[in-house]
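A short write-up of the structure that comes next.
The values are calculated or read from the model by the stated rules, or taken from the named source; none is laboratory data. Being a predicted model, the structure only gives us computed values, none of them experimental. Every residue, glycine among them, receives a Cβ derived from its backbone with ideal geometry; neighbour counts consider all protein chains shown. Surface accessibility is based on the protein's heavy atoms, side chains included, excluding ligands, DNA and RNA. Shrake-Rupley method; radii C 1.70, N 1.55, O 1.52, S 1.80 Å.
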Amino acid sequence: MLTISKPLSGGQARTYHAREFAAKEANYWSRDQQGHSEWQGKLAQQWGLKGPVGSEQFARLTEGQHPETLEPMVRHQPAKTYENQFGREVTSVEHRAGWDATFSAPKSVSLTALVGGDERVREAHRESVRVALGELERYTQARLGNVNAPELTGKFAAATFEHDTARPVDGYAAPQLHTHAVIFNVTERENGQTRALDARSLFGSQQFSTAVYRTELASRLQDLGYEIERGKHGQPEIKGYSQEYLEALSPRREQIKSHLHEIGREGAGAAQVAAHRTRDAKEIQSPTEVLHRHRELAAQYGYQADWVVSKALAHGHRQEADSPKMAQQAVTYARDHTFERSAVQDERVILQAAMDRSMGQASASQLRAEFDRRTAQGEFRVVDGPPGAAGKQYTTAAMLRMEKETVARMQEGNRTALGNAPLVEPRTRTEVIERHPQLNPTQRSAADQILQSREKIVGLDGVAGAGKTTTLSVIREGAEANGYTVEGFAPTSRAAQQLSGAGMETSTLQLHLAKGQQADTGERRLYVLDESSLASTKQMHDFVSRLHPNDRVLLVGDIRQHEAVEAGRPFAQLQDAGMKTVKLDEIVRQRDPELKAVVEQLARGQVGEAVGGLERQGRVHEIRDPAARLDAIAQEYARAPENTLVVSPDNRSRAEINARIHSELQERGLVGSEERRVTALVPRQDLTGADRTWAARYQFNDVLLYSRTSKETGIEKGEYARVKSVDAPDNLLTVVRADGSERTYDPRRQQGVSIYKEQERSFSVGDRIQFTAPANDLKIANRELGTVQSIADDGRIALKMDGGRSVVLDPKEHPHLDHGYAVTSHSSQGQTADRVLIHIDTELGAKDLINNRMAYVSVSRGAHDAQIFTSDREKLPQALSLDVPHRSAHVPEIATGAEREIAVREPAEKVYTTAEHNRHWTPLNEAVTPQEAQQFAWRRETGTIQSYQHTETGRYIHIDGVSGQFYDRHREHITVREALDFAMPEGGVHSHSKDLPRLGMEQQGYGIGI
């Protein structure tokens, strides 16, 4: 795999070169103890650097100097201290000399090359590193300052040093083949100008380059006659070594794993920190002592390396594989896998998935060629990416078609709106609303606007806790009074159940779609789709495609909350495309004024200010030790468990918190002391639909639940089976059914399979339990909660559900159970509690789980209180400011003329207050001249973002009303000039054109800061 260090200073790089990179102690397994080094990269070639790395040229490059002429190529920046956007004091580093990118061979490969003595394997590693570095270089970017986006150059210079010794543990240095590639902090633009390298381009290509290295290595090893199997982390391992032998030769890995377990961390970043903290002083035993130690281990385990090498030599070169066919299958898998959960993907992600699937059966270049061929045929489509993207961005033809058709159906409904009757006649509308004096002005206005709407598809976008269910109850009443049958849907069982509180029949969106196209009876129906932000593009497309002429749709949601797990953001996209959308923006949930102010700030995207408010209110608690932090959450929960919700971003910490709360409640006597251990099923959420067709992604003892009957396998709907074995080369699974019989089948031939792992849970009387899958025979929805009333001797559990019903279940028949104390942020959406306890570990490996949506959803659950327990209060604002929105493949065209008037018109009764008008227009007026502002029409407000459309070109600009920052349609930061260059007529000069002096603009009073 590839790891990349933090930036090295010039002094660090030169010290490493002298003490480690070029040290003979790092190469005990080489015949002459001299490590291989060489120059790599287009810049090195351009400068005439080739062959072994010289210390003089290396030292010059660490100082940003030309290796031959000594001319400075990169301007040195002295270290300085400043206040960042979150109000924290930050000290920048001195000149960055470069980065240490290390390619490490899998353990079995190291043993074969070094202990087995097969120099061909060492050369295979060397060649694979060269190819992977070349692919890493392809995405190199120049850094052009903090304002401008980085520029793709595809050039760098690197010095590589090959080592064959791991860091010592108790003096013993195990064999470990790896290559350090020092990538210098310089690149060259197309005009010949040298600039500093943008490190994000390196780290953004890290996983991709790892996949290239693995693919090339696997391919070359198989060419040499070695049999390859997939390792636990996807690495190619040579067959023939026992796991015990590999572990005995990996003392360093076990040292790191032990430290990670002690500190309660996981992930690549944490492992890198642990590796640094657990380093022994590099005082290795003598070569004789090290080799003697290894000969003892080799003899103890039967000289496995010698046997593996001799078998490969006898086997000879592998037969020619059908690489084109393998490349075709791998790219198909990559398409289905990567686009299931994202409508737009970077080419590196797509190719990485294809390489993972092929495991050396096709080379990296063959896979890229297959991808390019299918792109040329139109299967993959290039789309605009965010400014400064290193890799091209792609979508699929199928995704683009679904998004376009969904938008077109909405816009067609808008175009015919003038000829439609309002949803509810004026007199009925007035009577219904007057019967509900409990509505606040915002709810009353929203209900009135929707009831008088004429469009086929209308949106209701409401902030968290605005009382959407109360408003929907009035809308349902009005629609029914006007002859409509009202049905409600939601993407989750819990949301559908809560929607029923508005007095309508409800079900999940998935269940509605599973019924297929229904006959048109001519009946007038109003479909209400709640939590629309959780609906995927495919679901929304299927939903609107089945509408009949007399059907109306109300899409309800909050574009600031979590989006669908699967690809797309149709609720936001439809609003972007001109869907009539009514706002519900007055919060009624929070009873505490200070907490309400924080939720309002989060709804506007003001994360830093919101966290600062929670700090001042004493609601942020820093506990650095992970175990102590989880204990503190459990103790706080147990102090007042009634109507308290715990939210944690990932399932691992959520399960740990649940277990600790259970124990804490036992210690306090709040739940029974006697426990019943239950084997629960936990879904493997790492698998996509494409993964479920690939046998290698299944693991021994996985439990499978089949939702469809298969005549081919004879497996019935609702049946469980257990994985007995996996035949990866032939893509076959062997499963054991409940009656003990076995079935072997190709998973591509069996649809509707859910995959689970078994985990033990301990339940006591008084425990809160949640269902993690629907129990249809008990009429219990997914995520429904209950409390344990009793546990019988035979293990049957009696529950009192939160809805008031009593049920009795056998955990063996209903194994989808978990404690109901802590939930993930995604699962918490739609819930309300008196108080919420939020766990945020800023060092969590899965960084994208901690973001602004998680902050907004989690904090807004609490009506009276919200407490955050974090590992680092300094890093908290920045961690929670991360924005991870889905992207759309299709950017809708804005209608023109009369069509535009219909698409974006406001209700006739809508008159903006002076405060609203100022909020809408001030960001634009402060950024451009009055003459330019007159060319734009204000269109919508999304959080703190104000959107304006140019009346001639129809193109949009988006400005954050708080910070003045401009954004493009992908929600990426852009400059004022870039925004106006895009929106204004082509060839026109504006106040931020690069050829106008900025000083003159500011003197006229048109600067951003005025």
Quick check for you: which residues of segment 442-456 have the amide N under 20 Å from the point 7 Å beyond the Cα of Arg524 toward its beta carbon?
447-456
Given the Cα-Cα distance of Gln617 and His317 and 0.36 nm per residue of separation, how much length would full extension add, in nm?
101.0 nm
Against the longest principal axis of the chain, how steep is helix 651-667, in degrees 0 to 90 to the nearest 10, with axes from Cα atoms?
80 degrees
Out of residues 5 or more away from Ala866 or on other chains, whose amide H comes under 5 Å of its own, with H placed 1.01 Å from N in the peptide plane?
Val836
Roughly what would the spin-label model give for Thr914 and Gln243, points 7 Å off Cα along C-beta, in nm?
7.4 nm
Percent of accessible area on segment 313-403 owned by carbon and sulfur, 1.4 Å probe?
49 percent
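Calculate the FRET efficiency for Arg341 and Val962 from the Cβ-Cβ distance with a Förster distance of 45 Å, rounded to the nearest 0.05. Write down the numbers at each step before the final one.
Details: r = 31 Å, r/R0 = 0.69.
Step by step, r from the Cβ atoms, then E = 0.90.
Over its Cα atoms, what ratio of radius of gyration to 2.2 N^0.38 Å does segment 323-391 give? Each step should come with its number before you reach the end.
Numbers: Rg = 11.7 Å, N = 69, 2.2 N^0.38 = 11.0 Å.
It is 1.06.
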Tell me, what is the per residue accessible area of the chain in Å², probe radius 1.4 Å?
45 Å²
In the chain, if the dipole is taken from +1 on Lys/Arg beta carbons and -1 on Asp/Glu beta carbons about the Cα centre, which of Leu133, Thr160, Tyr394 is farthest to the positive end?
Tyr394
Using square roots of five times the C-alpha gyration tensor eigenvalues, list the equivalent-ellipsoid semi-axes of the chain in whole Å, biggest first.
50, 38, 29
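Computed from the mean reciprocal separation of all distinct C-alpha pairs, what Kirkwood hydrodynamic radius does segment 352-499 have, in Å?
On the way: mean 1/r = 0.0503 Å⁻¹.
For segment 352-499, inverting the mean 1/r across all distinct Cα pairs yields 19.9 Å.
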Count the DSSP beta bridges whose two residues both fall in the chain, then state the antiparallel fraction as a percent rounded to the nearest 5.
70 percent
With charges only on Cβ, +1 for K and R and -1 for D and E, what is the dipole size of segment 682-763 about its Cα centre, in debye, rounded to 20?
200 debye
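Can you put Asp384, Asp793, Asp100 in order of accessible area, largest first, using a 1.4 Å probe?
On the way: Asp384 95, Asp793 150, Asp100 20 Å².
Solvent-accessible surface, decreasing: Asp793, Asp384, Asp100.
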May I ask you to evaluate 6.51 cos²θ - 1.76 cosθ + 1.60, the Karplus curve with θ = phi - 60°, for each residue of segment 378-390 and list the ³J(HN,Hα) values in order in whole Hz, giving x for glycine and proline?
x, 5, 10, 10, 6, 10, 4, x, x, x, x, 5, 6
Accessible area, 1.4 Å probe, largest first: how do Glu340, Glu716 sort?
Glu716, Glu340
Computed from the mean reciprocal separation of all distinct C-alpha pairs, what Kirkwood hydrodynamic radius does segment 682-779 have, in Å?
14.6 Å
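In terms of solvent-accessible area of protein heavy atoms at a 1.4 angstrom probe, what is the ranking of Glu379, Glu675, Glu586, highest value first?
Numbers: Glu379 45, Glu675 85, Glu586 65 Å².
Sorted by accessible area, descending: Glu675, Glu586, Glu379.
Going by average Cβ neighbours within 10 Å, how do the peptides 698-704, 723-729 rank, with the highest at the top? Could the numbers behind the result be given before it?
Values: 698-704: 16.4, 723-729: 14.7.
Highest to lowest by the protection proxy: 698-704, 723-729.
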Cut-off under 5 Å, modelled amide H: who pairs with Gly820 long-range
Arg768, Ile769, Gln770
What accessible area, in Å² to the nearest ten, does a 1.4 Å probe give for His337?
50 Å²
HN-Hα J couplings of segment 854-870 from phi, Karplus 6.51/-1.76/1.60, θ = phi - 60°, integer Hz, Gly and Pro as x?
4, 4, 5, 5, 5, 5, 6, 6, x, 7, 10, 7, 9, 10, 10, 10, 10
Sticking with the crude label model, points 7 Å out along Cα→Cβ, report the distance from Gln934 to Asp306 in nm, one decimal please.
9.3 nm
With label points set 7 Å from each Cα along the Cα-to-Cβ direction at Arg19 and Ala597, the distance between them in nm comes to 5.2 nm
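I need the calculated FRET efficiency for the pair Ala798 and Ala369, taking r as the beta carbon distance and R₀ as 56 Å, to the nearest 0.05. Working shown, then result.
Details: r = 62 Å, r/R0 = 1.12.
The calculated FRET efficiency here is 0.35.
Placing +1 at every Lys and Arg Cβ and -1 at every Asp and Glu Cβ, with all other atoms neutral, what dipole size does the chain have around its Cα centre, in debye to the nearest 20? Spell out each step's value before the answer.
Details: 128 positive and 140 negative charges, 120 e Å.
With Lys and Arg at +1 and Asp and Glu at -1, about 580 debye.
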Can you work out ³J(HN,Hα) from phi for every residue in segment 637-645, in order, using Karplus 6.51 cos²θ - 1.76 cosθ + 1.60 and θ = phi - 60°, giving whole Hz and x for Gly and Pro?
4, 5, 4, 8, x, 4, 6, 10, 10
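Work out, in µm²/s and without decimals, the Stokes-Einstein translational diffusion coefficient of segment 557-625 at 25 °C, 0.890 mPa s, Rh from Kirkwood over C-alpha pairs.
Numbers: Rh = 14.6 Å.
Roughly 168 µm²/s, to the nearest whole number.
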Would you list, by chain and number, the lysines whose Cα falls below 19 Å from the Cα of Lys404, excluding same-chain residues fewer than 8 positions away?
Lys456, Lys538, Lys580
Tell me the trypsin sites (Lys or Arg not before Pro) within segment 743-833 that lie in a loop according to DSSP and have at most 12 other beta-carbon atoms within 10 Å.
Lys779, Lys812
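So if R0 is 60 Å, what FRET efficiency would Asp223 and Glu986 give, r being the distance between their Cβ atoms, rounded to the nearest 0.05? Don't skip to the answer; put the middle values down first.
Working: r = 54 Å, r/R0 = 0.90.
In this case the efficiency is close to 0.65.
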Determine the alpha carbon to alpha carbon distance for each of Lys107/Lys311; Lys711/Lys757; Lys757/Lys800; Lys325/Lys717 and list only those over 30 Å.
Lys325/Lys717
How about segment 168-231: which GluC sites (Glu not before Pro) there are in a DSSP loop, with at most 16 other Cβ atoms within 10 Å of their Cβ?
Glu190, Glu227
Residues whose placed amide H lies under 5 Å from that of His163, excluding near-sequence neighbours:
His178, Thr179, His180
Picking from Leu554, Ala502, Pro426, whose Cα lies most toward the positive end of the charge dipole for segment 399-584 (charges on Cβ: Lys, Arg +1; Asp, Glu -1)?
Pro426
Descending principal axes extents, segment 399-584, alpha-carbon based, whole Å
45, 35, 29
